[in-house]
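Take a look at the structure below.
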Amino acid sequence: MIDIHCHPLPGVDDGAHSFDEAVTMCQVAAADGITHLVATPHYNYSYTFDPELNRQLLARLQKAVGEKPQLLLGCDFHLSYDNIQQCVQGSRDFTINRTSYLLVELPNQFIPDHLSRVYYDIQVAGLTPIITHPERNPLIHRKPELLRHWVSNGCLVQVTAQSYTGGFGSRAHKFSERLLDEGLVHFFATDAHDVKRRPPILSHCYHKVAEAKGQEIADLLMQQNPEAVIHGRPLPPQPDWAELRGGGEKRSWFSFLWRR
């Protein structure tokens, strides 16, 4: 499995508080079957983002944990005006493994009317927005049609694995199931911050998805799609979710639901 959203770098945000905790997080991830882990420090009003420091911390952490998991860099990117300007001007310091994929965090207080335009500008700059954990956002709960609109226009969606398994409460749990049923989930990721409350565990989610939707879907959302992202490739063909809901044959799983 591949985790595209995690916070193991020590001292840079609200993730790992010490180097020892960072090492333990990586060890827990490896033991869970995670082969690649993307460290995604926050970049928002509370936390600065220092690409060189992040690279140094990542190299030190990789040396300490050994070959597994393989550690990569990204960013949990807050859509502030200054951040967006840096991003659209061509910096790949914020993208996952310096590819064209960018994790973007939705505002929790309000969703501005121009947000669709922001996503469009990001795409015009050659990047693909991956909207993080919308199942935990109360604004999206009230207006899920916004998410459908963004996906129809080329955005991708990452849901937190622990939401799908019930760790963020019943509302996030039910909403994540609804998003999966509607074909609005392209990735599950841990968004891990520690080893106890929010650990880097994907296997529980993998098994639940495999039971509910089949192993092919679990592989797609936790192996194949994230593998394409870390290597900067287009996603493989996605399932026709309408066919799946209607009991279609497996041969229909790999028709395109959308085209990027």
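Computed from the coordinates by the stated procedures, all read-outs in this text should not be read as laboratory data. Small disclaimer: the values here were computed from a predicted structure and weren't measured. Backbone-built Cβ (ideal geometry, glycine too); neighbour counts: all protein chains shown.
The lysines within cross-link reach of LYS213, meaning a Cα-to-Cα straight distance under 29 Å and a gap of 8 or more places when in the same chain, are LYS68, LYS143, LYS174, LYS196, LYS250. Residue separation of GLU211 and ASP121 scaled by 0.36 nm, minus their Cα-Cα distance, works out to 28.5 nm of gained length.
Any idea what % of Cα-Cα pairs in the chain are farther than 26 Å? Roughly 36 percent, once rounded to a whole number.
Helix-only arithmetic for the chain: the sum of -39500 (n - 2.57) across DSSP H runs with n ≥ 4, divided by the residue total, places the mean residue ellipticity at 222 nm at -11000 deg cm²/dmol.
May I ask you to list the chymotrypsin sites (Phe, Trp or Tyr not before Pro) in the stretch 1-97 that are in a DSSP loop and have at most 13 other Cβ atoms within 10 Å of their Cβ? Display every interim value, and only then the final one.
Values: sites: PHE19, TYR43, TYR45, TYR47, PHE49, PHE77, TYR81, PHE94; in loops: TYR45, TYR47, PHE49, PHE94.
Passing both the DSSP loop test and the Cβ count: TYR45.
May I ask for the longest run of the chain untouched by GluC sites (Glu not before Pro) that are loop-located per DSSP and have at most 13 neighbouring C-beta atoms (other than their own) within 10 Å? Before the final figure, lay out each step's value.
Numbers: sites that count: GLU67, GLU249.
My reading of the result: 68-248 is the longest stretch.
Loop-resident trypsin sites (Lys or Arg not before Pro) (DSSP state other than H, G, I, E or B) in the stretch 121-213 with no more than 10 further Cβ atoms inside 10 Å of their Cβ: LYS196, ARG197. Label sites at ARG171 and HIS141, each approximated as a point 7 angstrom past Cα along Cα to Cβ, lie 0.2 nm apart.
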